[in-house]
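All remarks here apply to the structure that follows.
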Amino acid sequence: MADSKIYTASTTAPVNIAVIKYWGKRDTKLNLPTNSSLSVTLSQSDLRTHTSAACSSIFTENRLYLNREPQDVSGARQQACFRELRVLRAALEAADPTLPKLSTYNVHIVSENNFPTAAGLASSAAGFAALVRALADLYCLQNTPTELSRIARQGSGSACRSLFGGYVAWEQGHAADGSDSLAVQVAPASHWPGMRAAILVVSAAKKDVSSTSGMQATVATSGLFRHRAEVVVPARMEAMKAAIQKRNFEAFAELTMADSNQFHAVCLDTLPPIFYLNDVSRAAIRVVEEINRVAGKSIAAYTFDAGPNCVIYYEQENEAAILGVLKPYTSGVSGWGDRRETVHARIPEGFNAALCEPLKEGVSRVILTGVGEGPVKTEESLIGADGLPL
Ligand code: DP6
């Protein structure tokens, strides 16, 4: 009898925020980068994509739903992920003919984010990592996360880093086929238990220039970019790995801030220039610089992706110093939770509090989070018995 069963698997995957930025491709089809990058995986309690994958001989086409809305699956990125994962499944089926022929079935993917999509919160990273992990589980693939990172990278470059928790490097590789452009874990989340992240959501509007087109414009027009990719990043990757291994926050912070600043500098060096930071972002930079000046050392580190949101890394032991300054200016917005009671406003002596004023109007939400784990398998399916979103 024909197999009409609906096979399903579900996973959740995290967001990652780079501290050494990926910006530039040497191959746009395979998403091969011009430099290595390194990121911190954030806790899924606050930011995650939940994805269920299903396949069945009764499905007539591939489908993808994001936050219940049907999405186009004909894009090269989705197709590359589907194709590569099917190839791995087909190899298993060839080796064991008793296995159901899932590689020949259409798939339905149902995905939900617990945060605003395309608000510059790395939703494509969590989305493609979850898609690849869920399909790999559906197909019972035994491949390691590093092997799967080769596939997730073709969905979205930064997605390859979301297959791991903790601190993750994406080594650029040199092979033309991308076989050595892979993500590896530098250290698990447990390695640095005190590391925290506060996100100041500056605008939840859709961003203007997508990372994909922005970075290609940079590659084509920025001279500064070449120096960054060839000279600056290779040295910073090594220094950042060492800072993480030694849990040296000052070194981590200084590299993080310098790399964010240089990434936005190469955006400005692009023709026409790309502006991701706005006045509120720049105010957040000044506030963090002021926190560090008053502390006499770097106890907080800002970083910005392709948008105006500010991610601030800090250590738990300095939470009062960082959140105490942010609270008076942002406590009216959502995201403080029980920290609204436990964190007390604290503006240190000599601190130039006027720098914080723009945060009052400009920050729409805060996310107080930490470092977290990679994708987690879940029994909670988003797909019903009819193969459609529940
Ligand atoms: C600024 O991974 O979104 O966040 O590969 O074209 O999908 P594509 O780009 P994407 O770029 C992320 C850029 C960044 C830096 C980073 O995450 O390393």
19 Å cut-off, amide nitrogen to a point 7 angstrom out along Gln316 Cα→Cβ, residues in the range 44-74: 44-47
Candidate aspartates and glutamates for bridging to Lys297, where Cα separation is under 17 Å - those fewer than 8 sequence places away on the same chain excluded: Glu250, Glu254, Glu289, Glu315, Glu317, Glu319, Glu349
Qualifying lysines (Cα of each under 23 Å from Cα of Lys29; at least 8 residues distant if same chain): Lys21, Lys207
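Would you kindly give the portion of the calculated P(r) for the chain that falls above 39 Å, as a percent of all Cα pairs?
Values: 13600 of 75855 pairs.
Everything past 39 Å amounts to 18 percent.
Give the order of Thr218, Thr98, Thr256 when sorted by the count of other beta carbons within 10 angstrom, beginning with the fewest.
The fewest-first ordering by Cβ neighbours comes to Thr98, Thr218, Thr256.
Fewest to most neighbouring Cβ within 10 Å: what's the order for Leu388, Leu355? Walk me through the numbers on the way to the answer.
On the way: Leu388 13, Leu355 19.
Placing the least packed residue first, the sequence is Leu388, Leu355.
With +1 assigned to the C-beta of every Lys and Arg and -1 to the C-beta of every Asp and Glu, and no other charges, what is the dipole magnitude of the chain about the Cα centre in debye, to the nearest 20? Don't jump to the answer; show the numbers that get you there.
On the way: 37 positive and 38 negative charges, 68 e Å.
Value, rounded to 20: 320 debye.
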Per-pair calculated FRET efficiency, R0 = 56 Å: Glu349 and Leu99 via Cβ, rounded to 0.05: 0.25
Counted charge near Gln316, where neighbours are those whose Cβ lies closer than 14 Å (Asp, Glu -1; Lys, Arg +1): 0
Distance between the range 98-115 and the range 243-273 - C-alpha centres, whole angstrom: 38 Å
Å³ per residue enclosed by the Cα convex hull of the range 1-63: 136 Å³
Alpha-carbon Rg/Rh ratio, for the range 76-144, with Rh computed the Kirkwood way: 1.05
Contour excess over end-to-end distance, with Cα ends at Val294 and Ala235 and 0.36 nm allotted per residue: 18.3 nm
Two-site label geometry, Arg282 and Asp3: point separation in nm, points 7 Å out along Cα→Cβ: 6.0 nm
Residue (of Gln78, Pro97, Tyr276) at the positive-pole extreme of the chain, dipole from beta-carbon charges: Tyr276
Cα centroid separation, the range 337-365 to the range 9-76 (Å): 34 Å
³J(HN,Hα), Karplus 6.51/-1.76/1.60, whole Hz, each residue of the range 58-66, x for Gly, Pro: 8, 6, 8, 7, 6, 9, 9, 10, 10
Under 14 Å, Cβ to Cβ, from Lys377 - net charge with Lys/Arg +1 and Asp/Glu -1: -2
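Only counting other Cβ atoms within 10 Å, I'd like Ser156, Ser57 sorted with the fewest neighbours first. It would help to have the intermediate numbers written out before the result.
Working: Ser156 23, Ser57 16.
Listed from fewest to most nearby Cβ atoms, that is Ser57, Ser156.
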Under the Karplus curve 6.51 cos²θ - 1.76 cosθ + 1.60, θ = phi - 60°, whole-Hz ³J(HN,Hα) for the range 188-200, x wherever Gly or Pro sits: x, 4, 5, 4, 9, x, x, 5, 10, 9, 10, 9, 9
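If you count, for each residue, the other Cβ atoms within 10 Å and average over each peptide, how do 143-155, 334-346, 160-172, 243-255 line up from highest to lowest? Could the numbers behind the result be given before it?
Working: 143-155: 22.2, 334-346: 12.8, 160-172: 26.8, 243-255: 18.5.
So the peptides 143-155, 334-346, 160-172, 243-255, ranked by packing, come out 160-172, 143-155, 243-255, 334-346.
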Nonlocal amide H pairs with Val15, under 5 Å, H built at 1.01 Å: Leu42
Too-long pairs where the Cα-Cα distance tops 25 Å, listed order kept, from Lys246/Lys377; Lys5/Lys377; Lys25/Lys101; Lys101/Lys377; Lys327/Lys377: Lys246/Lys377; Lys25/Lys101; Lys327/Lys377
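Each value in this text was obtained by applying a stated rule to the coordinates, not by laboratory testing. All figures in this text were calculated on a predicted structure; none of them were measured in a lab. Neighbour counts are summed over all protein chains in view; Cβ atoms, including those assigned to glycine, are modelled from backbone coordinates with ideal geometry.
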